[in-house]
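Inspection log for the structure reproduced underneath, given as structure tokens.
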Amino acid sequence: MAKTDSLRESELQVRKPIPSKYFNEDSSFHPASVLISKPIEEVWAFLRDMTNMPKFIRGLASVQVLDDKRSHWVFDHQGQHHENDSEIIAEEMGSLLVWGAVGEKNQVGAVSLERAPGGRGTFVSMRTSTDHEKGKVTGVLAWYFGGDPKSASYINLRRLKAYMETGEVPTVEGQPNGREQELKH
Amino acid sequence: MKALCWEGKHNVKMKEVAQPRILNPSDAIIKVTTAAICGSDLHLYDGYIPSMEKGDILGHETMGEIVEVGPNVKRVKVGDKIVIPFDIACGHCSHCGDEEYSLCENTNPNAALGDTLYDHGGAALFGYSHIYGGYAGGQAEYIRVPHVDTNSLVVPQGIEDEKVLFLSDIFPTGYMAAVNANIKPGDTVAVWGCGPVGQMVIKSCFMLGAERVIAIDEYEGRLNLARQSGAIGINFADVEGILDELNYLTGGVGPDSCIDAVGLEAHGHTVTATIDRVKAAAGLATDRPDALRQAIQACKKGGTVSIPGVYGGLLDKIPFGAAFGKALTLKMGQTHTQKYMKPLLDRIMNDEIDPSFVITHRVDITKGPEMYDKFHKQKDDVFKVVIKM
Ligand SMILES: NC(=O)c1ccc[n+]([C@@H]2O[C@H](COP(=O)([O-])OP(=O)(O)OC[C@H]3O[C@@H](n4cnc5c(N)ncnc54)[C@H](O)[C@@H]3O)[C@@H](O)[C@H]2O)c1
Ligand SMILES: [Zn+2]
Ligand SMILES: [Zn+2]
């Protein structure tokens, strides 16, 4: 994405509030936010390519792009499996991206971006919705649309930051410990 | 492989566990040759650090030989002999860019938890609870090291392990504490605590130009080691008041710098299990900051208080008015170990210091559980334990 005109650039220097209309609840709190030490162009391009989502969203195993707006998401986490189609609901180039599960109006995610001052990278905010109809979200989706959506968003944002800055998400899953033998019995 | 596992308060066991494997592309697997038990491990042993889980592998002072590397490893290679810093840094974030490695943002898989406790949590640590990332430690035959290009110091083949092992923690910790103390030639520095960290602080103060170092503790064995490094030792159990003593020794001026190498995890650290409790406990003290109080009170006007000792919670009755009135500078934090490893290796190679002078016990891993017990009970005899694999 090229720096086009000055209007465009000034728009990148304000983080747009994520519109509440996409979510089934109002929140007076700010969404979870991180600073990623990468240019806004790079962060936007990464997030707009839905196949990158599994690289940082916990429990999301794969995403297959169907067309410019739609993609197929496969969640696999701790023995639970869930699949759905997702579509981009709103998009403002470089600054706002809203997506949601097709036919499940309570599963919405959104990010908004802002060029940080001092050439320090990009502020990224994320908001995800809870599923009120089920009372509380359980299983695989809890990791993503979690029971506490702000925490889930923050965890996924930190994973996004680590992936973009270092090329990997930190993990200790699969390391040895003194519990294994006991668990086997 | 064999590993020392935390099984609960005052309960360390040697267990047979699986070998670590590469989990991320910048990882390496190290065959451990020597590891040490640290004063900080005692705080785990005594059950003061929340979020330990039964079976967690202990240890954060570790060195060994690289036996396997992931596809993104560029700087080090199989066969290199390395010392591993106790804090885990990514080498890419803005803090790593500023050489503030212990403030790294990208190594703690439980960063959200760390942020809840400390508002903005720091780097992950090896073998030091799940708040600090839950990484398996190095008191084991093998250890996995993430971002190994950043988290390693390659040492010359053939050098004795004991001479360089403490580059993993206590030597850089003592040195950074002395750097943080803003020492100028001719200065007098007072050091609270003559544990292994305090001993490294004392040596480092002299290296950086201090003329007089006053060391404070209650164990004569530890004070004697400090005296051998050239410090004046004061046994706080033997004097009327430590502030009176320091005033006398400095002609009423106070030490130019005061260094707290005690910390208070060992004493009043009552941050027990839950994180929300810490947040809820606003107004309640969690730590027992006697040494810190004295350091602030004793310090000269315009002086510096440097704090390598670890604090974990909300501190009570800190003489902040004195700190303000005297326009003190306070510096603190976990050590940016990676920043100091190489220059301090050079000092070791130039024979300016041999950090192995703190070692009192050398054992194999089967004796590990027994040494934890002794270290906990006999502070005056058991000073620094190294485990040979
Ligand atoms: N900042 C870091 O990155 C870092 C790294 C390593 C260790 N540490 C911390 O440094 C501290 C010291 O570590 P250590 O391995 O030397 O521990 P240690 O327990 O062996 O030594 C502490 C010493 O302080 C003495 N002491 C206790 N109360 C005192 C008082 N009121 N006045 C004077 N001395 C007193 C004790 O007798 C003991 O000798 C610990 O808090 C440890 O967790 C910090
Ligand atoms: Zn240590
Ligand atoms: Zn970092």
- prompt: For the protein assembly as shown, treating each Cα as an identical point scatterer without solvent, what Debye log10 I(q)/I(0) comes out at q = 0.07 1/Å?
  reply: -0.47
field: Cα lying deepest toward the dipole's positive end in the protein assembly as shown, options B:Gln338, A:Met164, A:Ile40, charges on Cβ
entry: A:Ile40
task: List, in the order given, every pair from B:Lys81/B:Lys339; B:Lys9/B:Lys81; B:Lys31/B:Lys339; B:Lys317/B:Lys339; A:Lys55/B:Lys74; A:Lys150/B:Lys13 whose Cα-Cα distance in the structure shown is over 29 Å.
output: B:Lys9/B:Lys81; B:Lys317/B:Lys339; A:Lys150/B:Lys13
- request: Quick one: which residues, 5+ away or cross-chain, put their amide H under 5 Å from the amide H of A:Ile89? H built at 1.01 Å from N.
  value: A:Val98, A:Trp99, A:Gly100
- prompt: So how strong a dipole does the range B:68-220 carry about its Cα centre when Lys and Arg Cβ are +1 and Asp and Glu Cβ are -1, to the nearest 20 debye?
  reply: 400 debye
- prompt: Using +1 on the beta carbon of Lys and Arg, -1 on that of Asp and Glu, and nothing else charged, what's the dipole of the protein assembly as shown about the Cα centre, debye to 20?
  reply: 240 debye
- prompt: Averaged over peptide B:250-259, how many Cβ atoms belonging to another chain are found within 10 Å of each residue's Cβ?
  reply: 0
- prompt: Ranked highest first by average number of other Cβ atoms within 10 Å, how do A:86-95, B:182-191 line up?
  reply: B:182-191, A:86-95
statement: Scalar couplings 3J(HN,Hα) for the range A:31-46 by Karplus 6.51 cos²θ - 1.76 cosθ + 1.60 (θ = phi - 60°), nearest whole Hz, x for Gly and Pro, are x, 4, 9, 9, 10, 10, 7, 9, x, 4, 4, 6, 5, 4, 4, 5
task: First check a/c for chain B, with a ≥ b ≥ c the square roots of the eigenvalues of its C-alpha gyration tensor; if it is under 1.5, answer rounded, and if not, answer prolate when a/b is larger than b/c or oblate otherwise.
output: prolate
- prompt: Accessible surface of A:Arg58 in the full protein assembly, 1.4 angstrom probe, to the nearest 10 Å²?
  reply: 60 Å²
message: Run the simple label-point estimate for A:Glu180 and B:Gln157 please: 7 Å along Cα→C-beta, distance reported in nm.
response: 3.1 nm
- prompt: For labels at B:Lys377 and B:Val78 in the simple 7 Å Cα→Cβ model, what's the distance in nm?
  reply: 4.5 nm
- prompt: So what are the ³J(HN,Hα) numbers for the range B:30-45, from phi and the Karplus equation (6.51, -1.76, 1.60; θ = phi - 60°), rounded to whole Hz, Gly and Pro as x?
  reply: 10, 7, 6, 9, 9, 9, 10, 9, 10, x, 5, 5, 4, 5, 6, 4
field: Full-stretch length increase - B:Asp351, B:Glu240 - with 0.36 nm per residue and alpha-carbon distance subtracted
entry: 36.0 nm
statement: Residue span B:Met332 to B:Asp290: 0.36 nm per residue of separation minus Cα-Cα distance leaves a gain in nm of 13.5 nm
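The values are calculated or read from the model by the stated rules, or taken from the named source; none is laboratory data. As the structure is a prediction and not an experimental result, all values here were calculated from the model. Because the Cβ atoms are built from the backbone with ideal geometry, glycine has one as well, and the counts that use them run over all protein chains shown. We work out accessible area using only protein heavy atoms, side chains counted, and drop any ligands, DNA or RNA first. Shrake-Rupley method; radii C 1.70, N 1.55, O 1.52, S 1.80 Å.
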